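The values are calculated or read from the model by the stated rules, or taken from the named source; none is laboratory data. Note that the structure is predicted; figures quoted are calculated from it, not measured. A quick note on method: Cβ atoms are made from the backbone with ideal geometry, for glycine too, and the neighbour counts reach across all protein chains shown. The protein model used for the area step is the full one, side chains on, heavy atoms only, and it has no ligands, DNA or RNA in it. Shrake-Rupley method; radii C 1.70, N 1.55, O 1.52, S 1.80 Å.
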Amino acid sequence: MVALPNTLESIARWVAETPKIAVPSSQGWGAPISPQAVGVDLSTYSGILDFPVKDQIVKMRAGTSPAELQQALAAEGYCLPTLFPDLQPNQAPFEPLARSQTLAEAVAFGLPHAREAQTGSWREWLIGTTVITGDGEIVKLGSSVVKNVAGYDIQRLMIGSRMSLGLIVEVTLRVFPIAALPKSSLIVVREGEPGAIRRVLDSDFEAESVKPEVLAHDRNSGTVWLESAADQGPKDSWTHQKGTGIFEGDPVAKWMHRAKEKFDPHAKFNPGVWGIF
Amino acid sequence: MKRVEDLTAQCIRCGFCLEDCPTFTETGSELESPRGRIYLVRSAVEGKLRWQEDVKPHLDRCLGCRACETACPSGVQYGAILEFARDKIEQEKPSALKKGFLAGTTSPTILRTQLNLARLLPGKRVPGPLSKLLSGETAEADLPTLPTALKGDPLAGMDQASLPAVKGEVYLLEGCAMRVLYPHVHWATRRLLRRIGYVVREVPQGCCGALHAHNGYLDEAKKMGNSLVQTLSGDLPIVVNSAGCGSTMKEYGHLLETEAGAEFAKRTFDLSEFLLQNGLQEELAKAKGLSQRITYHDACHLSHGQKITEAPRALLKSIPNAEYVELPESLTCCGSAGIYNVVQPKLARRLLNRKWKHVESTQATVVAMGNPGCHGWIAQASRETGGRIEVVHTAELLERAFSG
Amino acid sequence: MERSCRVAPIPGIVPEPDMKPYDPAAGITTLSQDLIRLLGEESVLAGQSAERAYDCDAYTVDRSRPAAVVLPNNTEEVAKVVRYCVKHSIPFTARGAGTGLSGGALPALGGVVISTKRLTKILEIDLPNRRMLAQTGIANKKLSDAVKHAGLHFAPDPSSQTVATLGGNIAENAGGPHTLKYGVTSNHVLGVTMVDPLGEIVTFGGKHFGGPEFDFVGLICGSEGTLGIVTEAWIKLTPLPKVVRTALASFDTIRGATETVAGIIAKGTIPAALEMMDSGILKAVSAAFGVTYPVGTQALLLIECDGDDVATVEAEMQAVREVCQSNNCLDIAMAETEADRAKLWTARKKGVGAMGRLAPSIVTHDGVIPRSKLPEMLDFVYRVAADAKVGVANIFHAGDGNLHPCFYFDDRDPEQVKNVVEAGEAIIRKCLDLGGSVTGEHGVGVEKIDLMPLMFSEADLRMQGKAKAIFNDGTLCNPCKILPNQKSCVEHKMRWRGMAW
């Protein structure tokens, strides 16, 4: 693992010069990344850059840890409206966000949380990012205001991209008043390490939540945390797992290849993480 | 009259009228929408489009229902633009057939003669070749049949003891088609007026010119309007039970461009608003009532043309023992629209089917409305489906609440 | 009117050849007959009147005529037309209700306009899962109407919602007053069926939220019809709040109102909606809808709080009231009945339309600023308008920091037009100086295409070009939108302007 340089320009230069770069998930989400890639430790590039409280937004370096972010926000009465500002110890395994080391990872893997149904998710919160392209260009996506439709919303494409389209180096989020947080409806069934997280439709929820491999579930967000990593659920339910998730031959694979070709033509970022490229 | 350039310039093309336009929602084409038509007129006025080839077909398909005026936040006077444009088109290239048809409809004598002659023809619609000439399509609207004439004093047999003292007189617009086809509506109107203390001053009178104005004959409309203003002079209120006529008469100031026209307009009332303002609700409370399930269709020239939607509802809801239900899409045109069902039979039929589907969905036993055009057209749908739901003028139903 | 690109176009954002407008005379001579053969006579509009009626959307400054307009009845018919256009190199542009305010549905290079207005069916309603599958030509409001009985609605509520289509909302990622609390369109769209720029029918996402793949649905939302033509969409339905409180607060200074907005947000309250109207718009709105307000009112705030229990909503409203009072509001009136509330919202939503009462032309801007900068920004807007000697009225989503300064003027006077264009640009530059955006909900279209380089660097724009190229690397699918790329941008703009009356 190498530590990132501490300015955007020097990171960009380093990226341009490095042939393959690995930014793996600290919790093993996604498929294994090619061992030829140089592992990078984003957590060295951290710190909150701007928190204009009155605008309810925060901008930070992407290596900032979610814990550090929550702490800074809490000091002003705000939070990211996930479960973990008031997480109980036995709930920790079910909040991968709380256990991820960097915001970059949380965004890149689009980590789910137990309040999604009430408070939204990354698609709503992430209003802007800065990424470094494979050619070493520093690119700003989105904006730093809560409403913006100027240009393509590429920041949304970065959510869940498993860091395979560009290196996420800065993140701007909208924040949520703690006072307005709804009650959690997470139910922990038994202790364990989730290997997959599945979002299911309300109509499928009862059937899914009583399966033997279920560790925890949340009625409000229709989420179940499963012990097994294998996807044995209904084909169309969303599964977040330690594995590929997408296979050649899936209709969407063609479009993922096209996106990859356009954004990362030399397959520099996280080679292997999707299993298909 | 305002210059048409200024009238069309008031449209900022926001498109808020689109979903309220029946021909747009049926076709999805902006050429058949208010925004599109206004733009076409504007372009033709500027010499960029040809009136006959480019503009006329789309104006022909306009119902003139003016639902767009209700929807328009900018207050565009679509009706005035339409009248101007149709007049322009007729002046440039008159349609003898349409004019003849209109003349036949708006002259009581000719209409009566025609209807009597029509009995000699096979079938109950405008004969195929004639309809093809009028619209290029097969006829959809049944020819009206002459009702049995009503003779005698309409006020005869009313319970004098229960009636209030006579407060004053009003004029009643007898209308052209109305007096021939719906004499019983006038009969009910006179009785209802008496129930609130008014009697009708009877004067021989002509047509108001509404159908002419709506169809592009502004000069004829003006002539008829001026003559009516003369005939119904003085300061008596003028009560109208035909929405299309009332709407035009309330716009005489604009149409006739005279002080007298503007003053006349102020004295003009739709029957429903006049009855409501003068206490019919209190009288209804004492009436026998009706055990019926009632719904109400908004005639375009009442709701959009005169902005009257509440008065008829308030009255109908006051009928003792009756149940009132709202009609879905009640504000959407039924396709009758003056002579539209004769000149655009296909689209008119689609709109009638849509209207009737909603009427049936209410499970009402009777549907009321305030305009002869809608009355005849919607009654046809009722006949075609077995006549289970009765179609009446609001006045008839209100009068029945008293006299059964 | 003379117009040049305000900022030099940046070539090479997408590798596109030099684009020429489609010339029907030089192109395929049997265009409308061919289209009729594909779709039937009832579904094709051609000729002078169609060319004019479809030469712009609600952004009327730039115009360009299509060679033909088609009204397909299903996704397959859309695909047929697109494949035909691709085969013959004819540009094509999708259009919904044509209520867009940035020229997104302008057929910039002519060609074929593909209207979605016959795709108006709701295909499936899944109440237990709060999902709906609908064709995209349906008006936004009809989606909510269809599930009102079940206590649900489609949350995005742009002011044009009675007419604007679902497809148009997706293309522009439409906002609306209640997006302050409920989020913009992309947060409510779960899956799309789309005809891609080559005429293939593709589906992304579905009934479920998210998915393991890249978030193509998120990218397609807000792509202004440049990545394909969305014909069906799975949308999320949101429960209607059980308790709603709507207040109208009046202020005798603009500053009082803007400070109140900033104060409410800073306090950590998130009302369902927080809208501002100034005295300029109130003239039009009171004439059109009969809304009344105290004498001396310079600004009104329309504030709505909602939720599932009375106590919470009342507490929120109380907090709002305190902020209003601390900023010396003249009066706070609560909407007592549903009819009162509906009247206030009609006034707000149709307010911009009512400006036709003030002058023949309006231009509405759509810049966004950080919410704490609202007082400073509005002072700036009035100063700029005064300097330029043009009328300005403000009616906007204050809670989001999304401005809509509406300049009203007479477009028959070139001097006024020039002043309006310059004033608009000054306002947008100020928004960007304050860390904002050139557009919050109306989209870039052709209107703001040359403002993009003010907000984004060349590298940023090249990245956007790559996103576009995932789906569209040709010149046919809604060309000349969003990216200031075209070498011939200047000539195109001149041509569009030349069409103005």
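A few notes on this one:
- Percent antiparallel among DSSP beta bridges (both partners in the protein assembly as shown, rounded to 5): 75
- Dipole magnitude for segment B:40-144: about 300 debye, using +1 per Lys or Arg Cβ and -1 per Asp or Glu Cβ, origin at the Cα centre.
- Given charges at Cβ of Lys, Arg, Asp, Glu: segment C:296-427 dipole, positive-most of C:409, C:330, C:382: C:409
- Hydrophobic long helices, here whole DSSP H runs in chain C with Kyte-Doolittle means of at least -1.0 and Cα atoms spread over 20 Å or more along the helix axis, are found at C:310-326, C:374-388, C:414-433, C:458-471.
- Note on segment C:415-449 and segment C:191-212: Cα centroid distance 33 Å, given to the nearest whole angstrom.
- Projected-area mean, the protein assembly as shown, by convex hull of Cα positions, square nanometres: 46.9
- As a ratio to 2.2 N^0.38 Å, the alpha-carbon radius of gyration computed for segment A:1-107 takes the value 1.20.
- Out-of-range pairs (alpha-carbon distance over 20 Å; input C:267/C:373; C:349/C:448; C:283/C:350; C:121/C:142): C:349/C:448
- For chain A, modelled as a GNM whose springs connect Cα atoms under 10 angstrom apart, the maximal fluctuation among A:179, A:196, A:267 occurs at A:179.
- If you plug the beta carbon distance of residue C:295 and residue A:38 into 1/(1 + (r/R0)^6) with R0 = 56 Å, you get a FRET efficiency near 0.20.
- Normalised by the number of residues in segment B:285-403, the average gap of Cα pairs under 8 Å and 6 or more apart makes the relative contact order 33 percent.
- Considering only Cα atoms, the convex hull volume of chain C works out to 143 Å³ per residue.
- Spread of Cα-to-Cα distances over 5 Å intervals beginning at zero, given as percent, for chain A: 1, 6, 13, 17, 18, 17, 14, 9, 4, 1, 0
- Cα centre as origin, Lys/Arg/Asp/Glu Cβ charges: segment B:319-362 dipole, Debye: 380
- Cα-Cα pairs of chain B separated by more than 36 Å (percent): 22
- DSSP finds beta bridges in chain C, and of those with both partners inside it, around 90 percent are antiparallel.
- The mean number of partner chain beta-carbon atoms within 10 angstrom of a residue's beta-carbon across peptide B:269-281 is 0.
- Every helix of 4 or more DSSP H residues in chain B counts as -39500 (n - 2.57), and over all residues that averages to -14000 deg cm²/dmol at 222 nm.
- Estimated FRET transfer efficiency when R0 is 60 angstrom, pair residue C:25-residue B:148 (beta carbons, to 0.05): 0.40
- The P(r) of segment B:4-92 has a tail past 21 Å containing 20 percent of all C-alpha pairs.
- The lysines whose alpha-carbon is closer than 24 Å to the alpha-carbon of residue B:223, local same-chain residues fewer than 8 away aside, are B:2, B:88, B:93, B:98, B:99, B:250, B:266.
- The contact between chain A and chain C removes approximately 5600 Å² from the accessible area (both sides summed; 1.4 Å probe; ligands, DNA and RNA excluded).
- Set A:268/C:20; C:343/C:481; B:307/B:357; B:48/C:117 screened for pairs whose C-alpha atoms are more than 30 Å apart: A:268/C:20; C:343/C:481
- Other residues within the sphere of radius under 13 Å centred on the Cβ of residue A:149, judged by their own Cβ, net out at -3 (K and R +1, D and E -1).
- Fraction of antiparallel bridges per DSSP, chain B only, in percent to nearest 5: 5
- Cα-Cα P(r), segment C:243-350, percent of pairs per 10 Å interval: 16, 50, 31, 4
- Euclidean distance of C-alpha centroids, segment C:103-122 and segment B:276-347, integer Å: 38
- Cα centroids of segment C:340-405 and segment B:182-230: 47 Å apart.
- Which of A:51, A:136, A:177, positive extreme of dipole for segment A:2-180 (C-beta unit charges): A:177
- Contact order normalised by residue count of chain B, Cα under 8 Å, 6+ apart, percent: 16
- About the centre of its Cα atoms, chain A shows a dipole size close to 400 debye [charges on the beta carbon of Lys, Arg (+1) and Asp, Glu (-1) only; nearest 20 debye].
- Relative contact order of chain A, defined on C-alpha pairs under 8 angstrom at six or more residues apart (%): 23
- Positive-end residue, segment C:122-239 charge dipole about Cα centroid, Cβ charges, pick of C:204, C:140, C:168: C:140
- Within chain B, the longest run free of exposed loop sites, counting trypsin sites (Lys or Arg not before Pro) that sit outside DSSP helix and strand states (H, G, I, E, B) and have at most 14 other Cβ atoms within 10 Å, spans B:202-285.
- Accessible area per residue, Å², chain B with all protein chains present, probe 1.4 Å: 38
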